[in-house]
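Here's the structure, in structure tokens; my notes come after.
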Amino acid sequence: MSAPVKIQYLKGIGPAKAKLFERLEIQTVQDLLHYYPRTYQDRRLNTPPNEYNSGALIVFKGRVLSTQQVPAKSILIFKAILEDEKGHTLECTWFKRRMFRARFDPFGSLKKDFYLHNEVWVIGRKNDRGAMFSNQITVEEYYVAADVLTQLHAGRITPIYGLTEGLTNKQCRQFMYEALQSESLSGEPEILPPFLLKKRQLLSAPQALKAIHFPHSQAELDAARTRLAYEEFLLLATAWGIKRTQTKVLAKDYAYEIKKNLLTPFREQLGFTFTNSQKKVIHEIFNDLLSARPMNRLLQGDVGSGKTVVALCAMLLAVENGYQAVLMAPTEILAEQHFLTFKRILKELPVNVAVLTSSTKTAEKKKILKGLADGTIHILVGTHAVIQDNVQFHNLRLAVIDEQHRFGVKQRSKLKEKTAKLDLLTMTATPIPRTLALAFYGDLDVSTLSELPPGRQPILTECATSKLAYDRVRSEVEKGRQAYIVFPLIEESEKISAKAVTEEFEKLKNVFPQFRLAVLHGQMNQHEKEQVMADFAVHKTDILVATPVIEVGIDVKNATVMVIENAERFGLASLHQLRGRVGRGEHASYCVLVPQHAGSVARERVDIICATRDGFKIGERDMQLRGPGEILGTRQSGELEFKAGDIFKDRVILYQAITDRDELLSADPGLLKPEHALFKRKLQELYQQNWHLIDLS
């Protein structure tokens, strides 16, 4: 492999433009070659002028018949009449703002190229300012047919790149063409194992790069995308496969025994029996804990499926064996809710639970750190504060990560560094299809809670105005039921949100003067929150006005209405979580979404929530709308972001890559064969240095 060439040395770029490319994280010619188009325009000759539709992209090639500059008050207009080889004519129009005292002709370059009989390509949109059926377009781009570089921009499927200010697509296509002629392309290594290239009939690396930028046909473009997506998927799948193998060969130096001195009284005082699905998953988790290898399991389940109580069973097994357990949640709100839930459920048991977040007071934190170090605290619930260096455990053996998609890979690794050997259970309420789980959680065993506890009522979800929503609240509370009214976080600031929700609370007291209202937000102290939720649980209040602090942890069977104000400001997962707070008792329940200024994507989120309660469908659509990086906790660090592949459109390719990964590692577990050397080197470059995930040394 030859050394990478800095992009400034590519013809036409130089130091100034190289700085612009650095904004796009392009520093070498190799980086440029792997900067794939954002989309494409079909600029092959298309529709005759008399069939042009308003707004459609028009591509026309013709000779100049005449030109004219039209005088106007505030703008300057230049027109050219073109004729193609079939005799069709087209009137092309350019508009320029009049610049008084301008010393140059704003149409000078146009006049230089649009001289009589010169052949040009024009690309633009139909101009409806003239007569309805006139063949007029407003020109966006034009190219002189005789120019050799015109073939990059017109008469073909043309690449469109996502760029930064100071760079144009015309420039980028010309630089990309230069890169494809350079030695960097001829030196592009073929990293895919030869037997897989042959098995899947894939393009070579140089062929794929040429075709992804300048395809001669749609079929060639599809073949290029397939090759590049397959490579991305195979690299990721192989990294996870190796990680999984390395995890499996580790041996615990500790053991569990089911003693039942905590588990039995816990189950007896729960007040409900586990679903068959919960029993199955608890059995899988306990088998992992009892095995000689550390557990590495993903627990996925829809809202209300009972993940928390399953995780608590595992934590109690750890505690009754003399070990400590930790639950890490992504926000203080969620951590505090879990802490309150654990305290309520475990109040009759000799289990000491503490909560640690960045808001924990210094004196309290000091006490918690001491309790963790001497083992008197059995279960710690917290945010990323639990992975700080000063947090030392006496005998930590089990870690549970909730809402796993909000943590990056590195944060999860940091938690495992707290002790040499650790059983790890990660949980998500954003269920994803099995193939995607294999791709994104490839080193984890996957358990799914597939049923809701008995007695859960169907929830009617509707979109309405505040007035109709409050009518629904009034109707239900008059029947003796209870309701939630939730307002969004504002700019992710709990202080501003607390103030806003307090103001709304005061207004709502006037809307519902006959009912008992309470307010709950993240700026209240722990005791205040506990008191408000305890009062709501025993029906001392009728309506709870809150920020998304109630997204998890509150289980009030008499609550039958959830009103979500400014619903367009919530993500799909949050809307689904909030809806899951009702429908927990014997009464019919309602979720009323009140959007204010919803754009198309926000409106689609609201429509999806109204249309389905299926967590798998919601999770999948959430990924499509927001992208897998955001859902899976990898967006900030650029992990698991694909340039060519799309995990939804390319599921067949993804599945092929996972199948081929198994075949590859079965034949050569250490990737030691010479024909796998470049593939191994790429794996090291991508995953060993960036994630410290795998050991390929």
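The values are calculated or read from the model by the stated rules, or taken from the named source; none is laboratory data. None of these values were measured; they are calculated from a predicted model. When we count neighbours, we look across all protein chains shown, and the Cβ atoms used for this are built from the backbone with ideal geometry, even at glycine. Protein only, heavy atoms only, side chains kept; ligands, DNA and RNA dropped before computing areas. Shrake-Rupley method; radii C 1.70, N 1.55, O 1.52, S 1.80 Å.
Which listed residue (Pro193, Leu24, Thr383) has the Cα farthest towards the positive end of the charge dipole for the chain, taking +1 on Lys and Arg C-beta and -1 on Asp and Glu C-beta about the Cα centre?
Result: Leu24.
In sequence order, what are the phi-derived ³J(HN,Hα) couplings for the range 358-375 according to the Karplus relation 6.51 cos²θ - 1.76 cosθ + 1.60 with θ = phi - 60°, rounded to whole Hz, with x for glycine and proline?
Along the range 358-375, the couplings run 5, 8, 4, 4, 4, 5, 5, 4, 4, 5, 5, 4, 5, x, 5, 5, 9, x Hz.
Considering only protein heavy atoms and a probe of 1.4 Å, how much of the accessible area of the range 1-151 is carbon and sulfur, as a whole percent?
Carbon and sulfur together cover 51 percent of it.
Over the range 245-293, with every protein chain in place, what whole percent of the accessible area is carbon and sulfur at 1.4 Å, could you tell me?
For the range 245-293, the apolar C and S fraction of the accessible surface comes to 53 percent.
Tell me which residues come under 5 Å, amide H to amide H, from Val446 once H is placed; ignore anything under 5 positions away on its chain.
Leu298
Return the whole-Å distance between the Cα centroid of the range 53-102 and the Cα centroid of the range 188-218.
After rounding, the separation between the Cα centres reads 42 Å.
For the chain, what is the mean residue ellipticity at 222 nm derived from helices alone (per DSSP H run of n ≥ 4: -39500 (n - 2.57); sum divided by total residues; nearest 500 deg cm²/dmol)?
-11500 deg cm²/dmol, from helical runs alone.
Under 5 Å between amide hydrogens, which residues at least 5 positions from Asn352 or on another chain qualify, with H placed 1.01 Å from N in the peptide plane?
His378, Ile379
Expressed as a fraction of 2.2 N^0.38 Å, the rule-of-thumb size for a compact globular protein of N residues, what is the C-alpha radius of gyration of the range 304-392?
Dividing the Cα Rg of the range 304-392 by 2.2 N^0.38 Å gives 1.02.
How large, in Å, is the range 16-161 by the Kirkwood hydrodynamic radius built from its alpha-carbon pairs?
Evaluated over the range 16-161, this radius sits at 17.1 Å.
If I fit a long axis through the Cα atoms of helix 169-181 and take the longest principal axis of the Cα atoms of the chain, what angle between them do I get, 0 to 90°, rounded to 10?
Compared with the principal axis, the helix lies near 90 degrees.
Roughly how big is the chain's charge dipole about its Cα centre, with Cβ charges of +1 (Lys, Arg) and -1 (Asp, Glu), in debye to the nearest 20?
720
Pairs Lys343/Lys365; Lys198/Lys649; Lys343/Lys529; Lys126/Lys649; Lys19/Lys112: which are spaced more than 21 Å apart, C-alpha to C-alpha?
Those over the limit are Lys198/Lys649; Lys126/Lys649; Lys19/Lys112.
Starting from the 7 Å offset along Cα-to-Cβ, what nm value, one decimal, do you get for the label separation of Gln596 and Glu268?
Modelled inter-label distance: 5.3 nm.
Given H placed on each backbone N at 1.01 Å, which residues far from Leu396 in sequence or on other chains put an amide H within less than 5 Å of it?
Excluding prolines and chain starts, which carry no amide H, the hits are Gln324.
Just report the Cα centroid separation between the range 240-288 and the range 24-40, whole Å.
What the calculation gives is 47 Å, centre to centre.
Any idea what the relative contact order of the chain is, in percent, if you count C-alpha pairs under 8 Å spaced at least 6 apart?
The normalised contact order for the chain reaches 13 percent.
Just add up the charged neighbours of Ile191: K/R +1, D/E -1, any other residue whose Cβ is under 11 Å from the Cβ of Ile191.
Residues close to Ile191 contribute a combined charge of -2.
Over the Cα atoms of the chain, each weighted equally, I'd like the Debye log10 I(q)/I(0) at q = 0.06, 0.08, 0.09 Å⁻¹, rounded to two decimals.
Log10 I(q)/I(0), no solvent term: -0.49, -0.80, -0.95.
Leaving out ligands and nucleic acids, note down the accessible area per residue over the chain with a 1.4 angstrom probe, in whole Å².
With all protein chains present, the chain gives 46 Å² per residue.
Here is the link list: Lys6/Lys170; Lys61/Lys199; Lys617/Lys680; Lys17/Lys210; Lys347/Lys509; Lys170/Lys643. Which ones come out longer than 32 Å on Cα distance?
Flagged as over cut-off: Lys61/Lys199; Lys617/Lys680; Lys347/Lys509.
Can you give the local net charge around Val351? Use residues other than it whose beta-carbon is closer than 10 angstrom to its beta-carbon, Lys and Arg +1, Asp and Glu -1.
Within the 10 Å Cβ shell, the charges total 0.
Check each of the trypsin sites (Lys or Arg not before Pro) in the range 47-100 and keep only those in coil by DSSP with at most 13 other C-beta atoms within 10 angstrom; list them in order.
Hits after loop and neighbour filter: Lys73, Lys86, Arg98.
Can you tell me the Rg and Dmax of the range 315-364, counting just the alpha carbons, in angstroms?
When restricted to Cα atoms, the range 315-364 yields Rg and Dmax of 11.8, 31 Å.
Does the range 149-294 classify as rounded, prolate or oblate by the C-alpha gyration tensor (a ≥ b ≥ c root eigenvalues; a/c under 1.5 gives rounded; else a/b over b/c gives prolate, otherwise oblate)?
prolate
What is the ratio of the Cα radius of gyration of the range 19-72 to 2.2 N^0.38 Å, with N the residue count, to two decimals?
That ratio works out to 1.91.
What figure, in Å² to the nearest 10, do you get for the accessible area of Glu140 with a 1.4 Å probe and non-protein molecules left out?
110
How large, in percent, is the carbon and sulfur part of the accessible surface of the range 315-371 at a probe radius of 1.4 Å?
With neighbouring chains kept in place, the figure for the range 315-371 is 54 percent.
On the full set of protein chains, 1.4 Å probe, figure out the accessible area of Glu675 and give it in Å² to the nearest 10.
For Glu675, the solvent-accessible surface is approximately 90 Å².
Where Lys and Arg each count +1 and Asp and Glu each count -1, what net charge lies around Thr461 among other residues with Cβ under 14 Å from its Cβ?
+3
Based on the alpha carbons, how large is the Rg to Rh ratio for the range 48-112 when Rh follows Kirkwood?
For the range 48-112, the value is 1.04.
Got a sec? Charge dipole of the range 249-361, +1 on Cβ for Lys and Arg, -1 for Asp and Glu; which of Ala314, Phe274, Thr360 is way out at the positive end?
Phe274
In the range 1-69, what GluC sites (Glu not before Pro) fall in a loop by DSSP, with at most 15 other Cβ atoms inside 10 Å?
Glu25
Nearest 10 degrees, 0 to 90: what angle lies between the long axis of helix 651-667 and the longest principal axis of the chain (Cα atoms)?
So the helix axis and the longest Cα principal axis differ by about 70 degrees.
What distance in nm lies between label points placed 7 Å from Cα along the C-beta direction at Lys617 and Ala292?
Spacing of the two 7 Å Cα→Cβ label points: 4.7 nm.
Please list 3J(HN,Hα) in residue order for the range 320-333, calculated via the Karplus relation 6.51 cos²θ - 1.76 cosθ + 1.60 where θ = phi - 60°; whole Hz, with x for glycine and proline.
Calculated HN-Hα couplings, in order: 6, 9, x, 9, 9, 10, 10, 10, 10, 10, x, 9, 4, 4 Hz.
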